[in-house]
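What follows is one structure encoded as structure tokens, with my remarks underneath.
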Amino acid sequence: MENMSLPVLVPLLNANEPEARLVEIHVKDGQAVRKGDLLFTIETTKAASDVEAPGDGFVRLMAQQGDTLVVGAVLAYLTETADEPLPQDGKHSVAQPESSAVTEQSSQPAVRITKPARALAEMLGIDLATLPADRLVTEAVVRQIAAARREGAVSAEAVQATPVTSEILLYGAGGHAKAVLEMLQAIGVFRVAGIVDDNPALRGTSVLGVPVLGTREVLPALRERGVVLAANGVGGIINIDVRVRLFDLLRAHGFAFPILRHPRATVEPSAVLEEGVQVFANAYIGSSAVLREKCMVNTGAIVSHDCEIGPYAHIAPGCLLAGHVQVGARALVGMGVTTIIGLKIGEGARVGNGAVLLADVPPRQIVPAGKVWNG
């Protein structure tokens, strides 16, 4: 580079998809890199790709993990120095309003702020001119500034806040809900509007800093305020029907269920994930696997190639399914279960922790924990 910044742009992965999602950032803002170093991993619904440094320089991030960006949008600039002024002519900045990273222009140093962070700052009444210009301003940065200025008390009044398109409701305040909440935060594209739980005593409390707004009676108010997304935070480990009924309740109130995939989960490009699927950290979803609606693959579980997981089924932490395994609707496959290739686990079956499956499991069959199942 000769006294000029070098843009790193979102490449075209699929001619039919003009956008891609930034699923992982492999460098830090201001980090020195060499040509060919891995910078980003992006994906569309059909493909994933790594983005490498097109030259030497210092990385100046212009997007955050979880952003959905149009092809040609700026992921970062490579500059000769870590504090070099960035381009102000907009030639390489994101040109379309759907992008998630923008550059504030003024006579002062440019404020690099993501679109969700900007919306949050405006909602909280924070003057954009007061934000730091020496880093990429994300939602986390805005929240830290707001906490420092207002001592950070978040109350159940959050349900009255101005709606944004990425707001999501979490139903449930137990242990599984905590895991879902932290997955939502790791994904980075949602702002949790609050938690709903059927225990009225929890109203006004908080879970990991997120307020419990009340019981299901607050659902209409959330919908009126514009919240349309919901995440089911009830694992249903004792009774899967409880989890199913919650999905039905939320659907009846008009909520939709996004696919939730932890950034540390691995999902092969040929795998298919349907509405409401949850894939937790360190899980692996193999080639051509199909996860039907609202099923769950928990922490560290392996779903090998060509498996099919039925609606509402729960694949518990550490489970290992060999290739071509079929799991029926509402089945529970417990922690540490292993299988041979190609077997079937029937609808509503419950397989106890640590079982070894060497034969098909009939529908609604209970396999005791630790058992070697031969049928």
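Values quoted throughout were computed directly from the atomic coordinates according to the rules given, and no laboratory measurement underlies them. These numbers come from a predicted model, not from an experiment. Every residue, glycine as well, gets a Cβ built from its backbone with ideal geometry; the counts of neighbours run over all protein chains shown.
Worth a mention:
- For segment 161-252, the alpha carbon positions stretch 37, 27, 24 Å along the principal axes, listed from largest to smallest.
- Treating r as the C-beta distance of Glu80 and Glu24 and R0 as 35 Å, the FRET efficiency rounds to 0.85.
- Entries of Lys344/Lys371; Lys294/Lys371; Lys178/Lys344 with Cα pairs more than 22 Å apart: Lys294/Lys371; Lys178/Lys344
- Taking 20 Å as the cut-off, the amide N atoms of segment 309-331 that come nearer than this to a point 7 Å along the Cα-to-beta-carbon line of Ala369 belong to 314-321, 331.
- Here is the tail figure for segment 278-375: Cα pairs spaced more than 24 Å apart come to 6 percent of all pairs.
- A simple count of charges around Ala256, restricted to other residues whose Cβ falls under 15 Å of its Cβ and scoring Lys, Arg +1 and Asp, Glu -1, yields -2.
- All Cα pairs of segment 1-82, percent lying beyond 15 Å: 50
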